[in-house]
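The values are calculated or read from the model by the stated rules, or taken from the named source; none is laboratory data. Please read these numbers as outputs of a predicted model, since none were measured by experiment. Cβ sites come from the backbone with ideal geometry, for glycine too, and all protein chains shown count toward neighbours. Only protein heavy atoms, including side chains, enter the accessible area calculation; ligands, DNA and RNA are left aside. Shrake-Rupley method; radii C 1.70, N 1.55, O 1.52, S 1.80 Å.
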Amino acid sequence: MKRGTTVAPIKERGCQEKSLRKGSPRYTENLVRNNGKDKDSRRKEIEKEDIDSENAGADEYAACFEDDFEDYEDDFEVCDGDDDSSNELELKEKIEELPLARKREIQEIHKAINAENERIGELSYRLSQKQGLLEGERSSETDANSSPCRAPVCGIFVDFATASRRQKSRTQALKQKTRSTKLLRLIDLDFSFTFSLLDLPPVNEYDMYIRNFGKKNTKQAYVQYNEDNVDRDIQTEEIETRGVWTQHPGEGTAVSGGSGSGDVREVAAAPKVNTPRLASFLRAACQVIAVLLEEDRVAAEPSWSPGAVDGTLAISDSSSQLNTSLPFLQDREVSCLCASQVQRQMVVSVHGLPAAAFAPALDSRHVLCVWDIRQPSGPQKVLLCESKVTCCCFSPFKAFLLFAGTAHGSIILWDLREDSRIHQYVKLGDCFWTFRMATFSTDGVLTSVNHCSPIQAVESISTSVYKKQSFVLSPSSMQEEMSGLSFHIASLDESGVLNVWVVVELPRADIAGSVSDLGLIPGGRIKLVHSTTIQLSDSLCQKGCEFWGCTQTLNVKFLPSDPSHFIVGTDMGLISHGTRQDLRVSPKLYKPQQHDVRPVRVNVIDFSPFGEPVFLAGCSDGSIRLHQLTSECPLLQWNGSTEGHAVTGLRWSLTRPAVFLAQDETSCIYIWDLLESDLGPVAKQLISPDRLVAMTVVGEAEKTSGSFLALVLARASGSVDIQYLRRAWVAPVCDELRRLQRLLQEAL
């Protein structure tokens with residue numbers, strides 16, 4: 001709110017009003033001139049007071065603010081109320097007596113005076129802004145709608161809002177100045193480094209002499225006496241020399257030369273060779289030649305031929321035998337067989353410790369042999385392991401990596417592509433054999449993620465395990481082999497701990513070994529990195545199992561269509577269903593037809609390789625169950641097919657969707673054809689007198705013509721033979737898959 005203005009005495013204004021009637025132009029001119037002079041004097045006084053107040057100290061702010069207004073009442077002239085009232089009445093009477101034209105002239109004069117006051121106020125406000133003052137003068141405006149008898153007056157307005165803002169800004173500036181003063185006391189410059197702007201070494205005597213006397217018509221000269229010449233003449237024969245250089249491996253056309261060889265014909269030109277392509281070609285060519293030589297050898301030696309009549313079973317058309325009579329395989333029993341899921345001709349056999357001492361370097365180690373069934377005369381690779389191997393598997397894309405689980409709870413892998421020179425050579429007879437040590441072992445990973453119980457199963461996890469591919473005799477190129485490293489493997493121990501590992505390939509091999517990767521062999525490039533741990537013991541606890549103790553896990557299989565899901569066989573007849581992301585699944589358990597809980601071991605599980613959502617389960621009570629993924633109870637269950645003997649092996653056929661094969665503990669092999677009979681096996685073969693220890697299935701699953709299906713059988717004596725099944729159980733039947741689906745729908 002703006003407080004009152006300076007008002008001129010009413011009496012004087014009354015006199016001026018009287019003179020208005022006599023001469024209005026002069027009155028107006030005098031009034032404007034007087035108002036302007038009064039305005040200028042007031043403005044100068046205010047500016048002087050503001051400048052004095054700004055130059056005062058911070059402690060006198062409040063006092064200065066009061067000084068601005070201490071003479072506030074002196075700006076007004078006190079007039080008697082009676083004179084004012086009498087003058088007003090007198091003016092009203094005189095104005096009412098005036099004619100209408102005169103009244104309009106008086107009103108126009110009032111408006112001109114008001115306009116002049118506004119212009120003077122704006123001019124003073126602009127001048128105050130230019131001088132840096134926050135206070136602005138504003139001209140007072142007389143209400144145009146007010147009574148015409150009240151004469152307009154001009155005066156000085158005091159803006160309290162502007163004064164308050166100026167006071168606040170001064171207080172804030174004082175605070176900032178005080179804070180900056182305190183902070184400057186705390187801030188100290190840090191001299192991090194120093195340097196010299198000018199480094200002028202001292203002048204030696206010679207330079208000083210040259211500086212003083214070098215430009216005064218002088219010359220410098222030196223003389224050498226003969227005493228300094230200490231050379232002596234010697235006569236001897238010169239030796240003819242010639243510089244020769246060479247480069248290996250050659251990177252250009254010239255790989256050798258010398259200073260004395262100017263003849264272009266002496267320069268050896270290195271041909272341009274694509275080394276990876278040449279190596280791939282040589283591997284493929286060598287493998288083809290080896291297969292052809294193997295066939296010639298079989299034809300020349302019928303006594304050792306794969307098709308020997310004595311070894312062929314009734315369920316097979318022909319057979320062959322792997323050469324397990326090698327010196328380092330003598331008296332070693334085969335404990336496990338495993339076939340590659342993609343390269344079906346590749347098989348690995350696990351041999352235990354020898355019964356009798358043979359070689360000190362091999363007697364205390366377990367041996368693994370990688371075979372190609374098309375070359376049964378000898379293994380492709382021979383591997384060594386310090387601990388007992390309980391299970392193994394190949395890499396899912398190409399059989400160049402082999403993983404194994406041991407009884408000590410460790411996971412071991414071998415890279416079959418490694419150079420044989422970094423491994424151990426042993427001379428046995430007239431031949432040198434390369435025994436490959438493990439590329440990586442989790443025994444060197446000193447963390448809490450290692451298994452503390454024997455490993456029951458090792459499985460590779462990949463979405464393209466059953467992807468349709470066509471593999472020829474030649475191995476794939478290095479780029480194709482590298483694509484097989486983008487996968488995981490899972491290891492399960494008997495306590496219910498499921499570990500997932502990531503297969504990692506290092507960019508280059510270090511022949512000196514790794515300080516951080518203690519489980520990596522010097523020169524190795526493949527290692528395992530722990531990904532996650534899944535505790536299955538909590539999900540396996542069921543009502544009624546407390547009497548039988550803790551549930552033991554026996555095997556694990558991952559769904560081919562969705563590797564995030566897996567099923568686990570237990571020793572209570574139950575099969576657990578779970579996911580790696582710990583999601584809720586249905587059904588959570590697969591149960592037998594008998595609802596009571598019994599100590600029955602689910603020894604083996606196998607999924608259908610034809611994409612059907614079904615799997616087989618073989619149990620220790622001799623029962624075989626056919627489950628669908630969406631159903632808790634089995635679609636079909638055969639209880640007396642093996643006469644109560646435990647099922648130890650169970651595999652789907654790779655060429656026919658409705659055929660599978662089983663093995664029991666009495667060395668019997670059973671062949672099932674669901675299209676022919678869904679009540680029991682259609683064929684049975686007893687293996688005797690050499691007891692059957694392990695079984696796996698190999699064959700070409702993709703070929704419709706010329707395909708084969710073979711059983712790889714390991715005997716108690718340590719021999720391994722291959723039985724090629726009859727064409728009736730190998731060749732697909734018309735609409736076999738559709739008929740099998742109809743059979744499963746009817747079983748539901």
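Would you please give the residues with an amide H less than 5 Å from that of Val693, counting only those at least 5 places away or on a separate chain, with H modeled from the backbone geometry?
Residues meeting the amide H criterion: Ala714, Arg715, Ala716.
Of all chymotrypsin sites (Phe, Trp or Tyr not before Pro) in the range 668-728, which ones are in loop regions per DSSP and have a Cβ with at most 15 other Cβ atoms within 10 Å?
Of the chymotrypsin sites (Phe, Trp or Tyr not before Pro), not one in the loops of the range 668-728 has a Cβ with at most 15 other Cβ atoms within 10 Å.
Could you tell me which of the pairs Lys527/Lys557; Lys388/Lys427; Lys388/Lys684 are separated by over 30 angstrom between their Cα atoms in the structure shown?
In this structure, Lys388/Lys684 lie more than 30 Å apart at Cα.
On a 1.4 Å probe surface of the protein chains, which of Met346, Met208 comes out largest in accessible area, and what is the full order?
The residues order as Met208, Met346, largest area first.
Going by average Cβ neighbours within 10 Å, how do the peptides 606-613, 274-281 rank, with the highest at the top?
Most protected by this proxy first, the peptides run 606-613, 274-281.
When a/c reaches 1.5 or more, the comparison of a/b and b/c decides; with that in mind, is the range 310-367 rounded, prolate or oblate per its Cα gyration tensor?
Judged from the Cα gyration tensor, the range 310-367 comes out oblate (a/c at least 1.5, b/c at or above a/b).
I'd like the carbon and sulfur percentage of the solvent accessible area for the range 650-693, probe radius 1.4 Å, heavy atoms only, ligands and nucleic acids excluded.
47 percent
Through the Karplus equation 6.51 cos²θ - 1.76 cosθ + 1.60, θ set to phi - 60°, convert the phi angles of the range 487-499 into ³J(HN,Hα) values in whole Hz; use x for Gly and Pro.
Karplus-based 3J(HN,Hα) across the range 487-499 equals 8, 10, 10, 10, 10, 10, 9, 6, 8, x, 9, 10, 9 Hz.
Could you go through the range 291-297 in sequence order and give the Karplus-derived ³J(HN,Hα) for each residue, using 6.51 cos²θ - 1.76 cosθ + 1.60 with θ = phi - 60°, rounded to whole Hz, and x for Gly and Pro?
3J(HN,Hα) across the range 291-297, in whole Hz: 5, 5, 5, 5, 5, 5, 5.
Enumerate the whole-percent occupancy of each 5 Å bin, from 0 to the last occupied one, for all C-alpha pair distances of the range 500-652.
The distribution over the range 500-652 is 2, 8, 16, 18, 15, 11, 8, 7, 6, 5, 2, 1, given as percents.
HN-Hα J couplings of the range 329-334 from phi, Karplus 6.51/-1.76/1.60, θ = phi - 60°, integer Hz, Gly and Pro as x?
For the range 329-334, the Karplus-derived couplings read 9, 5, 6, 10, 7, 7 Hz, x marking Gly and Pro.
Once you have a ≥ b ≥ c as the square roots of the Cα gyration tensor eigenvalues for the range 658-748, tell me rounded if a/c is under 1.5, and otherwise prolate or oblate according to whether a/b is larger than b/c.
Oblate, because a/c is 1.5 or more while a/b does not exceed b/c.
What does the C-alpha gyration tensor say about the overall shape of the range 318-441? Classify as rounded when a/c is under 1.5, otherwise prolate if a/b is larger than b/c, or oblate.
rounded
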